[in-house]
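The values are calculated or read from the model by the stated rules, or taken from the named source; none is laboratory data. Keep in mind the model is a prediction, meaning the values are calculated, not measured. FYI the Cβ positions are ideal-geometry reconstructions off the backbone, even for glycines, and counts take in every protein chain you see.
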């Protein structure tokens with residue numbers, strides 16, 4: 001019991017709140033942003049604005065808002081070729097050299113990781129969703145004018161050089177950016193922090209029962225339902241040799257356009273007797289009828 005308590009305490013140190021917003025206005029979707037993430041982007045499809053939030057010394061402030069174009073058919077991508085821009089939380093995976101591509105992609109392009117595991121669980125498909133520039137002689141593109149990508153004027157996109165980091169920078173694509181004027185989200189943030197801490201502690205403590213209890217009845221992974229995945233986990237018990245586990249760089253987001261769905265994205269540092277293992281974990285949480293938050297989807301990397 002002492003070892004378990006120490007593990008929970010050690011992990012909780014890494015998930016203490018570190019997000020404040022200038023002028024005490026809080027984007028509802030951004031529950032917690034770690035200091036390791038210096039910039040967050042929010043693509044607001046209802047206003048055709050691409051917002052840049054800077055995270056400076058734990059203070060989140062809106063730095064710029066740029067005009068953007070989205071898919072010809074609007075937002076809410078479901079399938080390949082539907083010419084819609086996806087709604088959700090995505091991470092930039094790489095920056096592309098557009099000098100050898102069609103001029104319509106402009107000065108550069110950043111690839112988003114659509115479809116993510118939640119999209120796949122929901123049956124969405126397609127790929128090739130970028131944040132890119134525009135034709136150098138084309139001027140501003142119409143509001144609905146891409147095949148599903150987000151297009152920014154070249155000068156605006158150039159101004160973001162160095163702000164966008166591969167596999168670090170999140171891009172929330174949502175219909176409307178909502179704000180709150182108080183600290184009403186603190187209870188939810190604390191609840192999610194504790195849920196993540198307990199999940200990690202169960203791995204570090206080798207407590208398979210506690211670990212599996214974090215997952216909801218409708219959890220799916222690798223095409224398996226909860227029962228099938230649990231059976232596989234019990235057979236492998238991959239964390240039986242874990243000595244400790246630390247949650248670092250925890251990002252908490254209310255998932256866009258999915259009522260009651262929350263994403264925790266973090267670095268998990270695990271030590272065994274012989275090696276150190278570092279992984280990027282994404283856990284999608286949803287509240288059950290019991291009132292408890294349970295994991296409904298998971299991804300690594």
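Figures for the structure shown
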read-out: Scope the range 268-283; condition farther than 22 Å from residue 121 by Cα and either part of a strand (DSSP E or B) or touching a strand residue (DSSP E or B) at 6+ places or on another chain (Cβ under 7 Å) (or both); matching residues; value: 268, 269, 270, 271, 272, 273, 276, 277, 278
read-out: Leading residue by the ranking (modelled with the highest pLDDT) among those in the range 163-208 that are in contact with a helix residue (DSSP H, G or I) (Cβ under 8 Å, 6 or more places away or on another chain) and exposed (fewer than 14 other Cβ atoms within 10 Å of the Cβ); value: 181
read-out: Given (1) farther than 30 Å from residue 150 by Cα; (2) surrounded by fewer than 12 Cβ atoms within 10 Å (Cβ to Cβ), number of the condition residue 228 does not satisfy; value: (2)
read-out: Failed item, numbered, when residue 41 is tested on (1) in contact (Cβ under 8 Å) with a residue 24 or more places away in the chain; (2) surrounded by fewer than 21 Cβ atoms within 10 Å (Cβ to Cβ); value: (2)
read-out: Which listed residue, of 73, 104, is more than 18 Å from residue 180 (Cβ to Cβ), in the same structural domain as residue 152 (by TED's automatic domain parsing) and at pLDDT 95 or above; value: 73
read-out: Qualifying residue in the range 76-83 (condition: at pLDDT 95 or above, in a strand (DSSP E or B) and surrounded by 18 or more Cβ atoms within 10 Å (Cβ to Cβ)); value: no
read-out: Residue list for the range 71-93, restricted to those being on the phi > 0 side of the Ramachandran plot and in contact with a strand residue (DSSP E or B) (Cβ under 9 Å, 6 or more places away or on another chain); value: 74, 76, 83, 88
read-out: Some residue of the range 212-224 being free of Cβ contacts under 8 Å to residues at least 12 places away in the same chain, surrounded by 13 or more Cβ atoms within 10 Å (Cβ to Cβ) and more than 25 Å from the chain's Cα centre (by Cα); value: no
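Per-residue answers, yes or no, for (1) modelled with pLDDT under 90; (2) buried (at least 18 other Cβ atoms within 10 Å of the Cβ); (3) more than 19 Å from residue 201 (Cβ to Cβ):
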{"residue": "236", "(1), (2), (3)": "yes, no, yes"}
{"residue": "242", "(1), (2), (3)": "yes, yes, no"}
{"residue": "261", "(1), (2), (3)": "no, yes, yes"}
{"residue": "295", "(1), (2), (3)": "no, yes, no"}
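For every residue, the table says whether it meets (1) modelled with pLDDT under 95; (2) within 22 Å of residue 241 (Cβ to Cβ).
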| position | (1), (2) |
| --- | --- |
| 257 | yes, no |
| 264 | no, no |
| 279 | yes, yes |
| 286 | no, no |
